[in-house]
Structures are given as structure tokens and as C-alpha cells.
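Worksheet for the structure shown next.
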Amino acid sequence: MIVAEQKPLNEIKTMIADAERVLLVGCGTCVTVCFAGGTKEVDLLATSLRMSTKLDGNGKVVDEFTVQRQCEWEYNEPLKEKLDDYDLVVSLGCGVGVQTLNEQFPQKQFVPGLNTAFMGLPTEQGVWEERCAACGNCILDKTGGICPIARCAKQLLNGPCGGSQNGVCEIESDVPCAWQLIWERANDLGQIDRLMELQPAKDWRTSRDGGPRKIVREDLRLVAHEEE
Amino acid sequence: MEGDCHYLEGNLNARRRVEYVSKLLEEIGLEGQRVRMINMSSAMGAQFAQAATDMTATIKEIGPNPLREM
Ligand code: SF4
Ligand code: SF4
């Protein structure tokens, strides 16, 4: 899932400073499961903003609405009729949600209430860890299912650096060395020999280096699209 | 008592949440001391009365919630 966390209240207050009427829009998908931008968090943030702006002597109207998935046009349709009532909208979706809304309803401005952090999973309640950096060319088959792109600080492809000590990465004592994990896993799978195969330098064009990415599936596109 | 909860570690989890609420109140601009968690068993009548007296004193000192008068 996409993992995000709420921006500090003061930062959000600064963003909405010039608005009198504000709408908070949550998202019912990834950011709901990571407790950052679902109905409950929208409710809590709206209450906090109402109280805080009132204490500052410029109490604002802060209303709440949550859609099922901010990153798809259809789900945002119910928002359309509400927007006229507000000066500004704070999205509690991920960065994709915020941009979808700005693109879909250009007559209104949508600002981010969250910091979108990474793609990962909850490893225990209240703890999320990064697992994939969307490099666009997955190599998990070669690394025992552990990603050196997202989990090795140096994104090494051919084994650990000299900073790997007792399974711990040199950057932080609570960060496991990805290459130690890869080695142990390959050992468990009886696939150490695969690690001995030299990996050439990665082609980063499928990742961020190639600019913004796009996937086109002609088999799924509608004929009507071509006629446009 | 702390850590000795019918729901196992329930009151330790609750403490974290109370601390979160307290911090949130500070962020909003109210006093964090407006919420407090005190562990007590049902046999601690005197301590309960004392805790209630202490809390009342704290709240009197801070004064009424300014949002109520706005
Ligand atoms: S190799 Fe690339 S696609 Fe695969 S998990 Fe790592 S970052 Fe994600
Ligand atoms: S210690 Fe391990 S995880 Fe950290 S940078 Fe070196 S190889 Fe990568």
C-alpha cells in the first residue's frame, strides 16, 4: 500500500490561512489502512482545525467528506456539487489523490494534508516499512524476494558494501542490511549460486531517471478514444 | 493498576492514546493537562477522591475551556 502520514497541524493551518470555508477530503483506500487520511482522521483533523482556528480568533468552517478512492475520477464525482461551498480543499489522500482532484476540478484548489512517504506494509500495528521503490523492472526473483532497491541504502545489486556489520546497515542501528537478508534468504532457498551471477548496472530509465512514467494497454483502451 | 488490566496490556495501550490526545490538545492550543490517565483499583476509594481533588485543582488553575465561551 501507499503509506503516508499527516502533516503537522500548524503547516495545514498555514495552508488554509486565507480561506474561510474549508473542505477536508479523505480517501478510503491506502491512507485509510495506514491511519493517515480515512474518515476517522478527517474527523479528527477537522475538529482540531475548528478548535484551533477558533482559539486563534479566526474560526473557520471546516467540513468533512471521504471518497472511496481519490485516485480515480469516478469516485470523486460526488464531490463536484459540494465544491462551490468552499474556498479551499485539503486532500487527505496521497500525492496521487491531491493531483487527481486538482486535475479533475481545476476551478478549485486542493492542497495536501499528508506527506506521502513510500510503498510498504505494516510490520506491526503502528509501524510501516518501505518495501518497493517502483523501479519499473522488478528483480525480486534474483534477490530472494528482498528488494535491494528499496531496502539497501546504496541500492547495490551485487552484494553488501563494507558497512554491513552483523546484519545491520551502516546508516542506522535499527536498519537491517538488505544484502544480509538477501544472503540468508538465498541460503534458505538453496540459491546462493544465483547471487554469484554478476548483475550488470541497472537500467534506470524504467525508474525515475526516464522521466514521468506511463503505461498504455491498447487491449484495454476503448475504440472511442482513438477516434478523438 | 498499570499493566494489570482485565484486558491484559489494555491500560498500557490506553496510556499511549491518552498521551497522544494530550499532545494533540497542545497542538490545537489548549492545555495538555486537561486530560490525564490515572490507574486505580476499585478498592482505592481514598486515592480516587484524592485524584479527583487534584484534577479539579489543575482544571481550576488552568481555567475554563476558552472554546466554550466563544
Ligand atoms: S526491484 Fe523494483 S519493482 Fe521490484 S520490489 Fe524492488 S523497487 Fe519494486
Ligand atoms: S550495509 Fe547493507 S543495506 Fe546498508 S548500504 Fe551497505 S549493503 Fe546496503
Tabulated pairs, the range A:129-155, first modelled with pLDDT under 95 and in a loop (DSSP other than H, G, I, E, B), second near ligand 1 (Cβ under 7 Å from one of its atoms) and not basic (Lys, Arg), C-beta under 8 angstrom, 6+ apart or interchain: none
Unmet requirement for residue A:40, which otherwise passes all of (1) of a type in the set (Lys, Arg); (2) open to solvent by 70 Å² or more (accessible area, probe 1.4 Å); (3) over 24 Å from the mean Cα position of the chain (by Cα): (3)
Near pairs, Cβ below 7 angstrom, 6+ apart or cross-chain, from the range B:51-63 (under 13 Å from residue B:35 (Cα atoms)) to any residue that is loosely packed, with under 11 Cβ neighbours inside 10 Å: none
Residue match in the range A:187-199 (condition: under 18 Å from residue A:131 (Cα atoms), open to solvent by 50 Å² or more (accessible area, probe 1.4 Å) and part of a helix (DSSP H, G or I)): no
Matching helices (runs of 4 or more DSSP H) fully within chain B where at least 3 residues are within 12 Å of another protein chain (Cβ to nearest Cβ) and in contact with a helix residue (DSSP H, G or I) (Cβ under 9 Å, 6 or more places away or on another chain): B:10-28
Qualifying residue in the range A:114-123 (condition: part of a helix (DSSP H, G or I) and at pLDDT 95 or above): no
Count - residues of the range A:142-166 that are near ligand 2 (Cβ under 9 Å from one of its atoms) and under 22 Å from residue A:198 (Cα atoms): 13
Any hit, the range A:37-54, residues being away from chain B (no Cβ under 14 Å) and of a type in the set (Lys, Arg): no
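The values are calculated or read from the model by the stated rules, or taken from the named source; none is laboratory data. Note that the structure is predicted; figures quoted are calculated from it, not measured. In this analysis, Cβ positions are derived from the backbone assuming ideal geometry, glycine residues included, and neighbour counts consider all displayed protein chains. Only protein heavy atoms, including side chains, enter the accessible area calculation; ligands, DNA and RNA are left aside. Shrake-Rupley method; radii C 1.70, N 1.55, O 1.52, S 1.80 Å.
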